[in-house]
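Beneath this line is the structure, given in structure tokens, with notes to follow.
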Amino acid sequence: MVLGAHVSSAGGVSLSPARGVELGCEAIQIFAKNQRQWKGNPIPDAEAQAFRENYARSKLRGAMVHDTYLINVGSPEPAMWTQSRDALVDEARRCAQLGIPLLNMHPGAHMGKGLAPALERIAKAIREALDATQGSPVQIVLESMAGQGTTIGARFEDLRAIREHCGNDPRVGYCLDTCHLHAAGFDIATSAGWKDTMKQAEEQLGIGRIKAFHLNDSKTPQGSHVDRHASIGQGSIGAKGFAPLLSDKRFADRPMILETPLGEEGYPKDLAVLRRVLKDASK
Ligand SMILES: [Zn+2]
Ligand SMILES: [Zn+2]
């Protein structure tokens, strides 16, 4: 398994591979700009080159960018949609510049104005981001969500529909978040539940199109639709609840990224817990 975490890009993205290695990661996720601002400073070419070199030297086995939290390409408001689309295109360009093959995005929220048109708006923005980075290896992965409020992405059907609206483009895939799956109502913590969830994922999404995972425990119970991450083993999934995923060999080469509440303070312990669960499960 390729276990990693979301690491800071403070001081420049080029520093993030070493930070990940220091924490015990085999893969990293980063923000390619300030995640709470619409406009980020461009990444200087020398900085992008330094990232590529440091990443190559690090022996990390996966890298992914998480998009800005402000983006909502499901928005029914034209001004908000356009601003979000521009930001998503910018994120994809940053991935291409850094040589990072995966851009994880939150599908968006329909704000009470109807799901079906929102799914089309999301797909339109994705197509534009793919067009803007044509010829690059950048893939956009739709994150599975808890389904809080009008947030889209708690149901596999909706994630699939967005990809279909993108003409089933091979550069569109999925990232499953364990906390979000659990909060969305899926049973992922038992082997029977995991099997059933993956059967649905196979039918709706395709196992091969699941490109990455976010590994988070959940402060809220299964089916709560409330998105609150917990440290591994400190939530309602529980440490052993990660065993079915960690021992699923189909995902052996997929980056599995922690986004737990203690951040870099907590990752070494979370990684140790996951590695112990993996070891016990493979006995
Ligand atoms: Zn996310
Ligand atoms: Zn979350």
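Laboratory data are not the source of any read-out in this text; all were calculated from the coordinates shown. Fair warning: this is a prediction, and the values are worked out from it, not measured in the lab. For neighbour counting, all protein chains shown are included, and Cβ atoms are generated from backbone atoms with ideal geometry for every residue, glycine included.
Could you check what % of the DSSP bridge pairs in the range 2-281 are antiparallel, to the nearest 5?
Around 10 percent of the beta bridges assigned by DSSP in the range 2-281 are antiparallel ones.
Show me, for the range 32-42, the HN-Hα J-couplings you get by feeding each phi into the Karplus relation (A = 6.51, B = -1.76, C = 1.60, θ = phi - 60°), rounded to Hz, glycine and proline as x.
Result, ordered by residue: 8, 6, 4, 6, 10, 10, 5, 10, x, 5, x Hz.
Within the set of other residues whose C-beta is less than 13 Å from the C-beta of R276, count the net charge using Lys and Arg as +1 and Asp and Glu as -1.
+3
For the chain, with only Lys/Arg (+1) and Asp/Glu (-1) charged at the beta-carbon, what is the dipole magnitude about the Cα centre, in debye rounded to 20?
Magnitude of the dipole: close to 480 debye.
So, by mean Cβ neighbours within 10 angstrom, what's the order for 150-162, 51-63 with the highest one leading?
Packing order, densest peptide first, comes out as 150-162, 51-63.
Pull up the cross-link candidates among the aspartates and glutamates for K113, meaning alpha carbon to alpha carbon under 17 Å and not fewer than 8 places away within one chain.
Straight-distance partners of K113: E77, D158.
For the chain, what does the helix formula give at 222 nm: sum of -39500 (n - 2.57) over DSSP H segments with n ≥ 4, over the residue count, nearest 500 deg cm²/dmol?
Result for the chain, helices only: -12000 deg cm²/dmol.
Using a cut-off of 27 Å between alpha-carbon atoms, which lysines can reach K211, once sequence neighbours fewer than 8 places away in the same chain are excluded?
Within the straight-line cut-off, K211 pairs with K33, K59, K124, K195, K199, K219, K240, K249, K269, K279, K283.
For the chain, what D do you get in µm² per second when you plug the Kirkwood radius from alpha-carbon pairs into Stokes-Einstein at 37 °C and 0.692 mPa s?
Calculated translational D: 175 µm²/s.
Would you be so kind as to identify which of V2, I207, I71 lies farthest towards the positive end of the dipole of the chain, taking Lys and Arg as +1 and Asp and Glu as -1 on Cβ and the Cα centre as origin?
Farthest towards the positive pole: V2.
How big is the gap, in Å, between the Cα center of the range 196-220 and the Cα center of the range 36-104?
23
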